[in-house]
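A.B. asks: Structure in C-alpha cells, see below.
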Amino acid sequence: MTNAAFRRCFFVPTELENMQKGDYLYAGKAKSVYLTDDPKRLILHFRDDTSAFDGEKIQQLDRKGMVNNHFNAYAMQVLEREGIATHFEELLSEDESLVKRLDMIPVECVVRNLAAGSICKRLGVKEGVELHTPIFEFFLKDDARHDPMINEYHIRAFGWAEDQEVERMKEQTFRVNDVLIRLFRDAGMLLVDFKLEFGRYEDELLLGDEFTPDGCRIWDARTREKLDKDRFRRNLGNVVEAYEEVAHRLGVPLDDAGGVRGKG
Ligand code: 5GP
C-alpha cells in the first residue's frame, strides 16, 4: 500500500501528514529510528528483518514490519486506555509510527506466567509449567554479553536507574501483564512471557520500544501451539502467518480499511 493509500484507510491527523522524516538515528535488529523536525518526536520504522540469538540468526520475512507496526500500535493504545503511559503517538504509514523521544533505561523488564525460554535452561524446569505467581526479571541490554540477568542491586550500584524508577518499572510491567493476560485469554491465547523497556520523558517514565510477537511468547490456549518469535528461533515456519493469526484473533486492523485511529 502506498503512503497516500494508507492515509485514506487509516486516519492520520493533518498536522502529522506534514511530519518530516529526518536523519537516520540508529538501527536496532528489527527497527530503525529516525529524527523528525520535532526534537521530542522520533519515527520508528518496523523492518521485515527478524533476528534471534543476539543477531546471530537474521532473515527477512515479508510483511513482518507492517504486521508488527500495527500490532504494536494496537497494544500500546490498549495499554494507554488502561492508564499505562506509553511513548506511542500515531501510526504514520504501513510500517512507521511516531513516538515520543525517550531517554531509555538500559534494562529489559521480563514477566513470566508460564515457564519457557531462558528460565527453563537456567533452572532446568519443564517448558509449559504454570507458575504459582508471575516472575519478574531484569536483564541488562547488552547484546555483546547476551543480555545478562541482573537485579536491583546492579541497577542501583551502576546508576542505570533511580530506585523509584526501578519500582515504577516493576509496577507498570505487572500492570501490563494484568491487562494483556486478559486480552489474550479472551481471544483464546496464553501470554506466556514478554519483555518491556522504559524510558524517561520530561518528568515521567513511559513504556517505550514495542510490544509485538517479536518480544513475547503467545500460545494457543487449547493446543499450546506457539504463535510468536519462537517459530523463527526454532525453525517452525509460518512465522508472519502466526503473527497475523494473533492479530486477527485480537481484532488488530492490518492493511485493510477501518484501522487504528490515533490514540485511544
Ligand atoms: P527469555 O529470557 O526466555 O529469552 O525471554 C523472555 C521473554 O522476553 C520472551 O518473550 C522474549 O521474546 C523476550 N525477550 C527477551 N530478550 C529479548 C530481546 O532482546 N529482544 C526481544 N525482541 N525480546 C526479548
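The values are calculated or read from the model by the stated rules, or taken from the named source; none is laboratory data. Predicted model, so just to flag it, every value in this text is computed and none were measured. So basically every Cβ, Gly included, is an ideal-geometry build from the backbone, and we count neighbours across all protein chains shown.
A.B. asks: For the stretch 106-118, enumerate the residues that are farther than 17 Å from Phe174 by Cβ, surrounded by 17 or more Cβ atoms within 10 Å (Cβ to Cβ) and either more than 10 Å from the ligand (Cβ to nearest atom) or without any contact (Cβ under 8 Å) to a residue 40 or more places away in the chain (or both).
C.D. replies: Across the stretch 106-118, the qualifying residue is only Ala115.
A.B. asks: Check whether at least one residue in the stretch 207-214 is within 13 Å of the ligand (Cβ to nearest atom), over 12 Å from the mean Cα position of the chain (by Cα) and on the phi < 0 side of the Ramachandran plot, and report yes or no.
C.D. replies: No: zero hits.
A.B. asks: Give me the pairs: first residue in the stretch 245-260 and modelled with pLDDT of 95 or more, second residue part of a helix (DSSP H, G or I), beta-carbon distance under 6 Å, and six or more apart or on different chains, which are they?
C.D. replies: Hits for this filter: Ala247/Phe71; Val252/His70; Val252/Phe71; Val252/Tyr74.
A.B. asks: For the stretch 21-41, give me each residue that is at pLDDT 95 or above, over 22 Å from Gly55 (Cβ atoms) and not β-branched (Val, Ile, Thr).
C.D. replies: Across the stretch 21-41, the qualifying residues are Leu35, Asp37, Asp38, Pro39, Lys40, Arg41.
A.B. asks: Also, I was wondering about something else. Being among the aromatic types (Phe, Trp, Tyr) and modelled with pLDDT under 95 is true for just one of Phe46, Phe88, Phe11, Phe71. Which residue is that?
C.D. replies: The conditions single out Phe11.
A.B. asks: Looking only at residues in the stretch 27-56 that are outside any loop (DSSP other than H, G, I, E, B), more than 13 Å from the ligand (Cβ to nearest atom) and out of contact with any Leu (no Cβ under 9 Å at 6 or more places or on another chain), which one is farthest from Glu94 (Cα to Cα)?
C.D. replies: Ranking the candidates gives Ala27 first.
A.B. asks: Count, please, the residues in the stretch 127-181 that happen to be surrounded by fewer than 17 Cβ atoms within 10 Å (Cβ to Cβ), more than 14 Å from the ligand (Cβ to nearest atom) and without any contact (Cβ under 8 Å) to a residue 40 or more places away in the chain.
C.D. replies: 18
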